[in-house]
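A short worksheet on the structure shown next.
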Amino acid sequence: ELAGLPPTALAAARDAAARAGVEGYRLTLDAPSYIAVMTYADNRELRETMWRAQTRLAADEPWDNRPLIEEIIALRQEKARMLGYTHFADYVTEERMAGNADRVRRFLADLETRTRPAFEREVAELRAFAAERGCAELQPWDVAWYSEKLRRERYDVDEEALRPWFSLDGVLEGMFAIVDRVFGVRVEEVPQGSSGFPEVWHPDVRYFRVFDGDSEVGAFYADFFPRPDKRGGAWMNAFITGGPREDGGFDPHVGLLCANITPPAGDQPALLTHREVETVFHEFGHLLHHLLSRVPVHSLAGTNVPWDFVELPSQLMENWTWQKPALELFARHWQSGEPLPDDLLEPMLRARTFQAAMQMMRQLSFGTMDLWLHTEYRPGEDDVLAGCRAVQERFSITPLPDDYAMVCAFTHLFAGPVAYAAGYYSYKWAEVLDADVFSAFEQHGIFDRGFGRRYVDTILARGHSADPMELYVELLGREPDPDALLRRDGLLPTA
Ligand SMILES: [Zn+2]
């Protein structure tokens, strides 16, 4: 019944059963378990059961979120109107880079229109692939399963096989070499046990000093590996915000890079997947935003910028991990020192755009639904499930069942007073920014110091001391253009 599931997923399901005090395997709707089933389980009925359960999460008595959603949105609307806004989306976006809800609507609609042709091609291809294998009618619970088969057949990427080329120390060395070349920023590790090494909270923690040119601007701690009592995921903390003082001096910044990447095993160093390499670059981008700030007002310094702007410095850094000349700087086998062979690298680079239109449409569907809920939807009058379903079906690979209720478990929008409400578009917005800025780097040369310094001086050093759109226009001489993202995703012909 569980055929197809990889050993790690089976082991997790057995552990889950043991923890629950039952025999056999226990599958849940938690992401790791659910995603493994949808992607790998050969049993179509099992996939259908899981998929249907997932789409009815928090939609049935006694745990029906519908009345709560109506009430939350009604209260948000009331608040926005009391403050003089047409709707909640205008209220939220006024302080964001987008500026107003209409701009967000046009942004999403433009990407939708321009992605649709590639989306239709990808859907037709997946349907044909499934049909050849006896699946007459592709259902929602078939999409991930056939996609995985198609991806394997087409690209044959083995993410695990790349690990020996991505030792953590090699990755750090390469990343520091890149920021030295591009930004003129130097990073120096303070070895554990040496006199300058500070007190730390765990023996894994490392400490680095950061120099902008000749001047020391700050330092950061790095805590890379998981521990039972440590929060999951990866993030950056601004421990101390420094900056220029009134007396002309400069207070150093202090930050923390935290992650949960693969730890060393036995006498083997920490060997990362490419995704983990991206994570390290991403969080280091947030750190640079913090550490290179020259804003005297601390509340406007570093990463204290609007939500749809804060991921530009982090996501921008990820781009270098996809560039062959950059990978050549650091992707070396941890034992032999050999560079990453082309037959491993090329499939990874090609697979980057696999089903990019489908992924784009999925994000656009969430963003568009979020915007609909916080602009047009009338609580108490409109049927919230039907309205959301209608929006989502426009972006869906397969038809959706009538009782589709995904919005009831869409915690992004409802888990806080604002949370991602009227802000889900920010994911795509930030991608447009990072692809756009990186395409400017490509024009100047991805290691070009001149443009790198301009980026430091207009974006990284300036925090929220000016409107983000102004800073952006100062950097590129124009407003953001989505072409670069569409090109990077393979959705536009590369000129
Ligand atoms: Zn981030």
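The values are calculated or read from the model by the stated rules, or taken from the named source; none is laboratory data. All values reported here derive from a predicted model rather than from experimental measurement. Positions of Cβ are generated from backbone atoms using ideal geometry, with glycine treated the same way; all protein chains shown enter the neighbour counts. Ligands, DNA and RNA are stripped out before the accessible areas are found, and what is left, the full protein with its side chains, is counted by its heavy atoms. Shrake-Rupley method; radii C 1.70, N 1.55, O 1.52, S 1.80 Å.
Scalar couplings 3J(HN,Hα) for the stretch 98-108, obtained by applying the Karplus form with A = 6.51, B = -1.76, C = 1.60 to θ = phi - 60°, are 5, x, 7, 5, 5, 4, 5, 4, 5, 4, 5 Hz; x denotes Gly and Pro. The alpha carbon convex hull volume per residue for the stretch 251-335 rounds to 129 Å³. The lysines whose alpha-carbon is closer than 20 Å to the alpha-carbon of residue 230, local same-chain residues fewer than 8 away aside, do not include any residue. Summarising the amide proton neighbourhood of residue 295: residues at separation of 5 or more, or on other chains, whose placed amide H is nearer than 5 Å comprise 302.
Figure note: 96, 114, 152, 14 ranked by solvent-accessible area, largest first, 1.4 Å probe, ligands and nucleic acids not counted: 152, 14, 114, 96. 3J(HN,Hα) couplings calculated from phi for the stretch 383-397 with the Karplus curve 6.51 cos²θ - 1.76 cosθ + 1.60 (θ = phi - 60°) are, in sequence order, 7, 5, 5, 5, x, 5, 4, 4, 5, 5, 5, 4, 9, 8, 6 Hz; Gly and Pro show x. Taking the alpha carbon gyration tensor of the stretch 69-129, multiplying each eigenvalue by 5 and rooting it gives semi-axes of 35, 16, 7 Å, largest first.
For residue 60, the residues whose modelled amide H falls within less than 5 Å of its own, excluding neighbours fewer than 5 places apart on the same chain, are 65. Only helices enter this figure: runs of n ≥ 4 DSSP H residues, each worth -39500 (n - 2.57), summed and divided by the residues of the chain, yield -15000 deg cm²/dmol at 222 nm to the nearest 500. For the stretch 412-495, the Kirkwood radius over C-alpha pairs fed into Stokes-Einstein at 4 °C and 1.567 mPa s yields D = 90 µm² per second. Rounded, prolate or oblate: which one fits the stretch 7-55, using the alpha carbon gyration tensor with axes a ≥ b ≥ c (rounded when a/c is under 1.5, else prolate when a/b beats b/c, else oblate)? It comes out prolate by the Cα gyration axes. Within the same chain, aspartates and glutamates fewer than 8 places from residue 428 are excluded, and of the rest, those with a Cα less than 13 Å from its Cα are 110, 112, 308, 311, 436, 481, 483, 489.
How high is the FRET efficiency between residue 338 and residue 386 when r is their beta carbon distance and R₀ equals 41 Å, given to the nearest 0.05?
On the way: r = 58 Å, r/R0 = 1.41.
After rounding to 0.05, the efficiency reads 0.10.
Rounded to the nearest 20 debye, the dipole size of the chain about its Cα centre is 220 debye, using +1 on the Cβ of Lys and Arg and -1 on the Cβ of Asp and Glu.
How high is the relative contact order of the stretch 1-123, given as a whole-number percent (alpha carbon pairs under 8 Å, six or more residues apart)?
Normalised by residue count, the contact order of the stretch 1-123 is 14 percent.
Determine, at each q value in 0.30, 0.31 (inverse angstroms), the log₁₀ of I(q)/I(0) that the Debye formula gives when each Cα of the stretch 104-150 is one equal point scatterer. Log10 of I(q)/I(0), two decimals: -1.02, -1.06.
Mean sequence separation of contacting Cα pairs (under 8 Å, at least six apart), scaled by the length of the chain, corresponds to a relative contact order of 19 percent. Computing FRET efficiency as 1/(1 + (r/R0)^6) for residue 298 and residue 131, where r is the C-beta to C-beta distance and R0 is 60 Å, gives about 0.50.
Over the Cα atoms of the chain, the radius of gyration divided by the Kirkwood radius equals 0.96; this is the Rg/Rh ratio.
Hey, with R₀ at 22 Å, roughly what FRET efficiency would residue 240 and residue 466 work out to, going by the Cβ-Cβ distance, to 0.05?
Values: r = 23 Å, r/R0 = 1.06.
Rounded to the nearest 0.05, the efficiency is 0.40.
At each listed q (0.16, 0.21, 0.22 Å⁻¹), what is the log10 of I(q)/I(0) that the Debye formula gives for the stretch 34-146 modelled as equal alpha-carbon point scatterers? Listed by q, the Debye log ratios stand at -0.97, -1.03, -1.06. Protein heavy-atom accessible surface, 1.4 Å probe, per residue over the stretch 7-55: 61 Å². Distant-in-sequence amide contacts of residue 239, defined by a placed amide H-H separation under 5 Å and a gap of 5 or more residues or a different chain, comprise 254, 255, 256.
Residue 460 exposes around 0 Å² of accessible area when a 1.4 Å probe is run over every protein chain in place. Element breakdown for the chain at a 1.4 angstrom probe: carbon and sulfur atoms account for 50% of the accessible area.
Tell me whether the stretch 78-225 comes out rounded, prolate or oblate; compute the Cα gyration tensor, take square roots of the eigenvalues as a ≥ b ≥ c, and use a/c under 1.5 as the rounded threshold. Here the stretch 78-225 falls in the oblate category.
Note that the stretch 163-340 presents 42 Å² accessible area per residue, ligands and nucleic acids not counted, probe 1.4 Å.
Specify whether the C-alpha gyration tensor of the stretch 163-340 places it in the rounded, prolate or oblate class, a ≥ b ≥ c being the square roots of the eigenvalues: rounded for a/c under 1.5, otherwise prolate if a/b is larger than b/c and oblate if not. Prolate shape, in that a/c is at least 1.5 and a/b is the bigger ratio. In order along the stretch 43-56, the Karplus-derived 3J(HN,Hα) couplings, from 6.51 cos²θ - 1.76 cosθ + 1.60 at θ = phi - 60°, round to 6, 5, 5, 4, 4, 5, 4, 5, 4, 5, 4, 4, 7, 10 Hz, and Gly and Pro are given as x. Leaving ligands, DNA and RNA out of it, work out the accessible area of residue 167 with a 1.4 Å probe and give it in Å² to the nearest 10. It works out to around 20 Å².
Going by accessible surface with a 1.4 Å probe and the largest first, 299, 194 read 299, 194.
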